[in-house]
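The values are calculated or read from the model by the stated rules, or taken from the named source; none is laboratory data. This structure is a prediction, so every number in the text was calculated from the model and none was measured. Neighbour counts run over all protein chains shown; Cβ positions are idealised from the backbone, glycine included.
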Amino acid sequence: MEYGKISVILRRELEQMKKLIRELEILDNRSVARDQFQLTLRGEEVLPEVMPGQFVNVAVPDSPQTFLRRPFSVLDFAPETNTLSLLIKAVGQGTRHLAACRVGQKLSLLLPLGRKFTLPESADRIFLIGGGSGIAPMLFLAKYCGLPREQVTLFLGARSRADAIALRGYEQYARCYIATEDGSVGERGFVTLHSIYKSEFTKNNRIYACGPAPMLKAIAKDAVTTGIFYELSLENMMACGFGVCLCCVEPTIYGNRTVCSHGPVFNINELTWQI
Ligand SMILES: Cc1cc2nc3c(=O)[nH]c(=O)nc-3n(C[C@H](O)[C@H](O)[C@H](O)COP(=O)(O)OP(=O)(O)OC[C@H]3O[C@@H](n4cnc5c(N)ncnc54)[C@H](O)[C@@H]3O)c2cc1C
Ligand code: FES
């Protein structure tokens, strides 16, 4: 079957799954920290609703070597302007190509993908913990959750000052803290050893996190011993992004599950991690 026909069939199947392919125009592409850039994109057609924790699969333009779409959590979604933002760390060919994209260029996105975070109840105190570019879905949740600022505490873990994005714009939604491995900004050390995290971690909090596996596992240890609510977003390697290729499976208490469609958000109690 020729490629054009396959493409039409695939789009129809995806629409039945409520996954859409949309062309978005780059409104802004700016550097926000070392090797990290923020893309702001506007849809030509109305974008479907995207919730904190969900992700998009982005086709890298003019890059035959990276023909598979690349997954990125949503940093922000504004239906009133039909815009969506991503925070991307350039780590390989695909992300470096995206970093070089110019304002006005169009990107093809598959969205909305994956399971969102469970929104907190109005009385909850929440801890949002992001390591590196894993801060993206945490910032979206901080803004979206609707809790008063005093109930939201946000932690960013980074290697150094140069790797830490500015949190100024989020001070209105959360108390914000940074930990860097070299101590060049915020407290020195891993984010899970931050003094505020250590002193305020109680059973009455909810924890949400995204970032490197060692960070997620360190939080899991604290959460499991205290029995605290803990949801995390996994970033397993992905290809299709909608549950067909099976390249992103994670063992869970229900058996192997695709992270792209059953996750990327999981409750720690669903995973079978040895902690
Ligand atoms: C659900 C989900 C959400 C994500 N959200 C973000 C985000 O908000 N911001 C962001 O910067 N990145 C995010 N990632 C990771 C991002 O998708 C990868 O960094 C990207 O696909 C790498 O593409 P590349 O072509 O540049 O790298 P490649 O050339 O494909 O690989 C370069 C290096 O990156 C590593 N890599 C590739 N894919 C991943 C991955 N999924 N996780 C970790 N390392 C990877 C490879 O092992 C290799 O070492 C997310 C991944 C998933 C699955
Ligand atoms: S990426 Fe294909 S099944 Fe998850």
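Considering only residues that are among the small types (G, A, S) and more than 9 Å from ligand 1 (Cβ to nearest atom), which ones fall in segment 58-80? Write out each step before concluding.
First pass over segment 58-80, keeping only residues among the small types (G, A, S): 59, 63, 73, 78.
The answer is A59, A78.
When the criteria are applied in full, I165 meets the requirement of being assigned to a loop (DSSP other than H, G, I, E, B) and either in contact with a Gly (Cβ under 6 Å, 6 or more places away or on another chain) or at pLDDT 95 or above (or both).
Considering only residues that are of a type in the set (S, T, N, Q), over 16 Å from I275 (Cβ atoms) and more than 16 Å from ligand 2 (Cβ to nearest atom), which ones fall in segment 192-249? Of everything in segment 192-249, those that are of a type in the set (S, T, N, Q), over 16 Å from I275 (Cβ atoms) and more than 16 Å from ligand 2 (Cβ to nearest atom) turn out to be S195, S199, T202, N204, N205. Taking the numbered list (1) free of Cβ contacts under 8 Å to residues at least 40 places away in the same chain; (2) under 30 Å from R30 (Cα atoms); (3) surrounded by 14 or more Cβ atoms within 10 Å (Cβ to Cβ) in turn, G211 passes all entries but (1).
Which of the residues spanning segment 214-223 are crowded, with 18+ Cβ neighbours inside 10 Å and out of contact with any strand residue (DSSP E or B) (no Cβ under 7 Å at 6 or more places or on another chain)? If the condition is that a residue be crowded, with 18+ Cβ neighbours inside 10 Å and out of contact with any strand residue (DSSP E or B) (no Cβ under 7 Å at 6 or more places or on another chain), then A218 is the only one that fits.
Counted as qualifying within segment 82-148 are the strands (runs of 3 or more DSSP E) with 2 or more residues that are farther than 18 Å from T66 by Cα and within 16 Å of ligand 2 (Cβ to nearest atom), namely 106-113.
Does segment 118-129 contain at least one residue that is under 25 Å from C240 (Cα atoms), in contact with a helix residue (DSSP H, G or I) (Cβ under 9 Å, 6 or more places away or on another chain) and modelled with pLDDT of 95 or more? No - not one qualifying residue is present in segment 118-129.
Test A33 against the stated conditions and say whether it is over 22 Å from C245 (Cβ atoms) and either in contact (Cβ under 8 Å) with a residue 12 or more places away in the chain or within 12 Å of ligand 1 (Cβ to nearest atom) (or both). Against the criterion (over 22 Å from C245 (Cβ atoms) and either in contact (Cβ under 8 Å) with a residue 12 or more places away in the chain or within 12 Å of ligand 1 (Cβ to nearest atom) (or both)), A33 qualifies. When T192, T272, T225 are screened for being of a type in the set (V, I, T), farther than 22 Å from C145 by Cα and under 21 Å from the mean Cα position of the chain (by Cα), only T192 passes. Being touching a residue at least 12 places away in the same chain (Cβ under 8 Å) and either surrounded by 14 or more Cβ atoms within 10 Å (Cβ to Cβ) or charged (D, E, K, R) (or both) holds for only one residue in T252, T272, and it is T252. Only one entry in K116, K89 is farther than 17 Å from R22 by Cα and in contact with a Gly (Cβ under 6 Å, 6 or more places away or on another chain), namely K116. Scanning segment 250-275 for residues that are β-branched (V, I, T) and more than 12 Å from ligand 1 (Cβ to nearest atom) gives T252, I253, I268, T272, I275.
When segment 21-79 is limited to residues that are in contact with a Lys or Arg (Cβ under 8 Å, 6 or more places away or on another chain) and closer than 18 Å to G263 by Cβ, the one that is surrounded by the fewest Cβ atoms within 10 Å (Cβ to Cβ) turns out to be M51.
Residues that are more than 11 Å from ligand 1 (Cβ to nearest atom) and within 30 Å of Q65 (Cβ to Cβ) within segment 217-249 comprise C240, F242, G243, V244, C245, L246, V249, listed in sequence order. T81 fulfils the conditions (1) in contact with an Asp or Glu (Cβ under 8 Å, 6 or more places away or on another chain); (2) without any contact (Cβ under 8 Å) to a residue 40 or more places away in the chain except for a single criterion, (1).
Is it the case that segment 185-197 has a residue that's touching a residue at least 60 places away in the same chain (Cβ under 8 Å), of a type in the set (S, T, N, Q), under 22 Å from T118 (Cβ atoms) and surrounded by 15 or more Cβ atoms within 10 Å (Cβ to Cβ)? Within segment 185-197 (the criterion being touching a residue at least 60 places away in the same chain (Cβ under 8 Å), of a type in the set (S, T, N, Q), under 22 Å from T118 (Cβ atoms) and surrounded by 15 or more Cβ atoms within 10 Å (Cβ to Cβ)), the answer is yes, since at least one residue qualifies.
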